[in-house]
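Read-outs throughout are calculated quantities, based only on the coordinates presented, and are distinct from any laboratory measurement. Because the structure is predicted, anything quoted here is derived from the model rather than measured. Neighbour counts run over all protein chains shown; Cβ positions are idealised from the backbone, glycine included.
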């Protein structure tokens, strides 16, 4: 890592998370590599496919096209945050499983 580290604090799935990251770290990499939330996927890396979609303050965004530092202080909901309780699936997650759907975002 370079010396160009920036502190990022986000509320992710209801929990405040702070990490030191490189300024160029994308939100998807922050979620996957720093918080180990692997439900958000890297697909095309151009923001077209939707596999990296998360909710940012309740609105969908493409996390592969967003830097973590751009959303400092904001609230993120990933697919893991949709479940009503740990170990349970949300209705959308259950429907994906039941219908063998491919995940494109949340």
Filter region 6-39 for residues that are in contact (Cβ under 8 Å) with a residue 40 or more places away in the chain and within 13 Å of residue 81 (Cβ to Cβ); the one that is surrounded by the most Cβ atoms within 10 Å (Cβ to Cβ) is 31
Which numbered condition residue 46 fails, given (1) out of contact with any strand residue (DSSP E or B) (no Cβ under 6 Å at 6 or more places or on another chain); (2) surrounded by 13 or more Cβ atoms within 10 Å (Cβ to Cβ): (2)
Selection from region 51-73 of residues that are touching a strand residue (DSSP E or B) at 6+ places or on another chain (Cβ under 7 Å) and surrounded by fewer than 16 Cβ atoms within 10 Å (Cβ to Cβ): 57, 60, 72, 73
Would you confirm whether or not region 1-8 contains a residue that is closer than 26 Å to residue 90 by Cβ and in contact with a strand residue (DSSP E or B) (Cβ under 9 Å, 6 or more places away or on another chain)? no
